[in-house]
Amino acid sequence: MSNTIKATCAIAAIAASNAGAQWDPNNALWGKTEATDIRVMTWNVEDGICRTANKSQTTNNWAALVRTVAALEPDILILQEAGDNSGNNTGSGVDSVSNLTTTLDLFFNGGNDPFQGGAVTQYVQAYRPGYNLPHIYVSNSTDNFNRNVILSRWPFEDLNGDNKATVPDFVVGSNATPISGGDGGIRGFQFAEIDLPNDTYLGDLVVGNGHLKAGGNSSDFAQRLDAAENIWYYARYFYNGNGTSTPDPENAIISAPNPTQVLNNFTPIIMGGDLNEDEVTNGRRGPAAWMTEGPAANDSTTGVDADGTDGILDASSEFFSGDLDSRGSSKLDHIIWQDSIAQRRRSFIFQSAEIPFASMPPEIDDFGFPPANNGTLTSSFASDHFAVIADFIVPLGSQPAPGDFDLVAPADGANKVSQIVNTSWTAADDADFYEIFVASDPGLTNVVFTSTSIPTTSAIVFGLDTCTTYYWSVLAHNSNGATTSTPAVASFTTIGYGDQNNDGIVSPTDFTAWVNNFNTNNPIADVNQDGSVTPTDFTAWINAFNLNCP
């Protein structure tokens with residue numbers, strides 16, 4: 001990351017313990033920690049928003065979607081599978097751009113329904129008065145079933161001089177390097193350029209949204225990958241000039257007129273949508289990897305980030321259960337961003353069926369059924385996908401935040417780390433203090449340890465379980481803002497003490513090794529970590545052996 005384009009903002013602690021924060025799911029608070037954070041929410045709404053939907057029934061998919069959006073109050077809402085009346089079983093055909101725009105206005109503001117007649121009684125402001133996303137961009141690209149939509153708290157405005165603030169899709173020519181070219185896929189991949197308030201934010205924002213081809217055939221896999229390659233190219237070359245000051249330097253993107261400038265150093269690109277492939281289980285470098293990394297991972301010149309490094313793919317989970325899936329048993333819905341400009345405060349999956357009643361947002365706690373589930377009760381409520389949400393810290397003010405710095409110890413992916421671990425990192429230029437947080441999930445939602453106002457480049461982390469993988473990150477602070485460590489999130493696995501001979505596996509030979517360690521009073525024989533080597537550690541070693549915990 002380049003320290004010239006770090007977010008320049010004063011942020012509160014990432015942990016939910018911040019007394020003034022609105023993020024405390026245990027106590028039914030699901031809002032942002034800081035008002036200046038930008039909350040982006042992606043949701044495949046499974047045809048629940050269309051002109052023929054029943055907009056006054058209190059327990060249907062429309063009502064469930066209304067309440068969930070009101071509860072989470074995103075600043076940017078990107079939707080897929082909107083406008084399909086046939087899919088909703090309430091009408092036929094796909095909504096026109098005009099009709100779907102009107103429908104989305106009714107979704108937020110209510111009023112008289114020009115399509116079904118009568119008054120709309122289920123709408124967002126009925127549950128969240130004063131909250132609205134008045135800027136609506138419905139894509140004119142459709143597969144004749146549904147459309148993609150971007151809704152914004154702030155207006156759309158041309159940021160790169162091509163006289164266009166929104167595009168429904170794009171075309172990349174065959175002369176593009178190193179891809180064969182094409183478009184954003186069967187339903188198109190839309191982009192919107194958003195004008196953030198100048199008195200608060202240093203830059204602006206570009207948001208991309210799409211719904212890649214579904215299916216498991218070889219042609220489906222090929223379509224998704226082709227689309228993702230083109231999306232990467234468009235973001236990297238059209239908006240960021242492939243690291244130069246010239247937009248579309250290969251003159252491969254069809255645009256009339258052509259852009260005249262690349263995005264400034266404080267304007268990030270954030271993309272999301274239903275990519276229809278699980279990057280953990282797909283067995284290949286799939287669409288999310290391409291959209292994040294470009295042709296190869298860890299190449300500092302071809303990643304989607306503004307500085308050429310890899311962007312970040314959300315690794316979100318449901319807050320209470322840790323469930324990583326956004327549809328069925330797969331993570332199909334993703335958010336991708338340029339982390340050299342936009343810093344993640346948190347990201348999570350919202351699955352109301354997993355939420356204890358006492359923690360349910362008040363906007364939906366009387367719905368009657370959890371309104372966001374994919375078969376837990378009935379598929380008629382909300383959608384068969386769960387929403388993915390991320391809160392971003394973006395540049396504020398005009399002064400730079402602390403410089404870049406690296407996590408040092410424990411190394412990323414380290415194993416057999418002590419339950420009491422001395423973490424360390426390099427110094428960040430101009431940092432006044434540091435903040436560390438350790439979580440049980442890579443999305444940094446379930447924080448198990450945090451410490452603030454650390455004056456040095458190290459901290460002792462304690463209270464960890466044995467044989468457990470943890471994820472950690474550090475923020476460097478000064479009066480002008482905060483900078484996230486590199487990598488933004490690293491992992492380590494705590495020791496299990498079963499592998500007494502340190503050969504990398506737990507086997508019966510470790511019994512002899514434990515006896516030898518016991519006889520020499522070696523601390524590794526203190527399996528139960530009570531501070532002394534005693535015969536009681538033998539029972540603890542048996543447990544570690546049975547659990548195959550190294």
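The values are calculated or read from the model by the stated rules, or taken from the named source; none is laboratory data. For clarity, every value in this text was computed on a predicted model and none was experimentally measured. Here the Cβ positions follow ideal geometry from the backbone for every residue, glycine too, while neighbour counts run over all protein chains shown.
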Exercise for review: Just name the residue that is modelled with the highest pLDDT out of those in the range 421-434 that are part of a strand (DSSP E or B) and of a type in the set (A, V, I, L, M, F, W, C).
Suggested key: Trp425
Point to revise | Residue match in the range 490-502 (condition: modelled with pLDDT under 85, part of a strand (DSSP E or B) and at positive phi) | key: no
**Study point:** Residue within the range 137-148 that is farther than 23 Å from Asn89 by Cβ and touching a His at 6+ places or on another chain (Cβ under 9 Å) present
**Key:** no
Review point. Looking at Thr450, Thr486, Thr494, which one is closer than 29 Å to Asp430 by Cβ, touching a Leu at 6+ places or on another chain (Cβ under 8 Å) and touching a residue at least 40 places away in the same chain (Cβ under 8 Å)?
Key: Thr486
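Can you tell me how many residues within the range 390-420 are within 29 Å of Gly504 (Cα to Cα) and at pLDDT 95 or above? Even if it seems obvious, please write down each step before you answer.
So the first thing to find is which residues in the range 390-420 are within 29 Å of Gly504 (Cα to Cα), and the list is 406-420.
From the residues that got through so far, the ones that are at pLDDT 95 or above too are 406-412.
Of the residues in the range 390-420, 7 are within 29 Å of Gly504 (Cα to Cα) and at pLDDT 95 or above.
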Point to revise | Conditions (1) within 25 Å of Leu205 (Cα to Cα); (2) surrounded by fewer than 20 Cβ atoms within 10 Å (Cβ to Cβ); number of the one not met by Leu104 | key: (2)
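Within the range 304-324, restricting attention to residues that are assigned to a loop (DSSP other than H, G, I, E, B) and within 16 Å of Gly286 (Cβ to Cβ), which residue is modelled with the lowest pLDDT? Please lay out each step first, then the result.
Taking the range 304-324 first, the residues assigned to a loop (DSSP other than H, G, I, E, B) are 304-311, 314-317, 319-324.
If we keep only those that are within 16 Å of Gly286 (Cβ to Cβ) as well, we get 304, 310-311, 314-315, 324.
Working: Val304: 96, Asp310: 95, Gly311: 96, Asp314: 95, Ala315: 90, Leu324: 94.
Residue satisfying both the conditions and the ranking: Ala315.
Residue-by-condition table, conditions (1) crowded, with 20+ Cβ neighbours inside 10 Å; (2) touching an Asp or Glu at 6+ places or on another chain (Cβ under 9 Å):
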{"site": "Ala82", "(1), (2)": "yes, yes"}
{"site": "Gly87", "(1), (2)": "no, yes"}
{"site": "Gly93", "(1), (2)": "no, yes"}
{"site": "Val97", "(1), (2)": "no, no"}
{"site": "Asn109", "(1), (2)": "no, no"}
{"site": "Asp113", "(1), (2)": "yes, no"}
{"site": "Gln122", "(1), (2)": "yes, no"}
{"site": "Gln125", "(1), (2)": "no, no"}
Check your understanding: Of all the residues that make up the range 354-369, how many are part of a helix (DSSP H, G or I) and either buried (at least 19 other Cβ atoms within 10 Å of the Cβ) or not assigned by TED's automatic domain parsing to the domain that holds Ser383 (or both)?
Key -> 1
Point to revise | All positions within the range 144-202 that are surrounded by fewer than 18 Cβ atoms within 10 Å (Cβ to Cβ), acidic (Asp, Glu) and either in contact (Cβ under 8 Å) with a residue 12 or more places away in the chain or within 21 Å of Ile336 (Cα to Cα) (or both) | key: Glu157, Asp158, Asp195
Review point. Does at least one position in the range 516-539 carry a residue that is crowded, with 22+ Cβ neighbours inside 10 Å, outside any loop (DSSP other than H, G, I, E, B) and modelled with pLDDT of 90 or more?
Key: no
**Study point:** Hits in the range 453-479 - residues which are touching a residue at least 40 places away in the same chain (Cβ under 8 Å) and either in contact with a Cys (Cβ under 8 Å, 6 or more places away or on another chain) or among the aliphatic types (A, V, I, L, M) (or both)
**Key:** Ile460, Val461, Leu464, Thr466, Cys467, Val474, Leu475, Ala476
Check your understanding: If you go through the range 314-330 one residue at a time, do you hit one that is out of contact with any Pro (no Cβ under 8 Å at 6 or more places or on another chain) and without any contact (Cβ under 8 Å) to a residue 24 or more places away in the chain?
Key -> yes
Study note, to complete from the structure: Here the residues within the range 262-285 that are surrounded by fewer than 20 Cβ atoms within 10 Å (Cβ to Cβ) and at pLDDT 95 or above are none
Check your understanding: Among the residues of the range 277-295, is any without any contact (Cβ under 8 Å) to a residue 60 or more places away in the chain, aliphatic (A, V, I, L, M) and either out of contact with any strand residue (DSSP E or B) (no Cβ under 9 Å at 6 or more places or on another chain) or within 30 Å of Gly397 (Cβ to Cβ) (or both)?
Key -> no
Check your understanding: Can you find a residue in the range 81-93 that is closer than 27 Å to Gly31 by Cβ and assigned by TED's automatic domain parsing to the domain that holds Ile194?
Key -> yes
Check your understanding: Does any residue in the range 297-310 that is closer than 15 Å to Ala228 by Cα and without any contact (Cβ under 8 Å) to a residue 40 or more places away in the chain come within less than 8 Å, Cβ to Cβ, of a residue that is assigned to a loop (DSSP other than H, G, I, E, B) and among the hydrophobic types (A, V, I, L, M, F, W, C) six or more places away or on a different chain, and which pairs are these?
Key -> Asp310/Ala297; Asp310/Val304
Review point. Restricting attention to the range 290-321, which residues are small (Gly, Ala, Ser), closer than 25 Å to Leu79 by Cα and out of contact with any helix residue (DSSP H, G or I) (no Cβ under 8 Å at 6 or more places or on another chain)?
Key: Ala315, Ser316, Ser317
Review point. Out of (1) over 26 Å from the mean Cα position of the chain (by Cα); (2) part of a strand (DSSP E or B), what's the single condition that is false for Thr450?
Key: (1)
Practice item. Scan the range 33-46 residue by residue and report those that are surrounded by fewer than 22 Cβ atoms within 10 Å (Cβ to Cβ) and either outside the structural domain of Asp84 (by TED's automatic domain parsing) or part of a loop (DSSP other than H, G, I, E, B) (or both). Key: Glu34, Ala35, Thr36
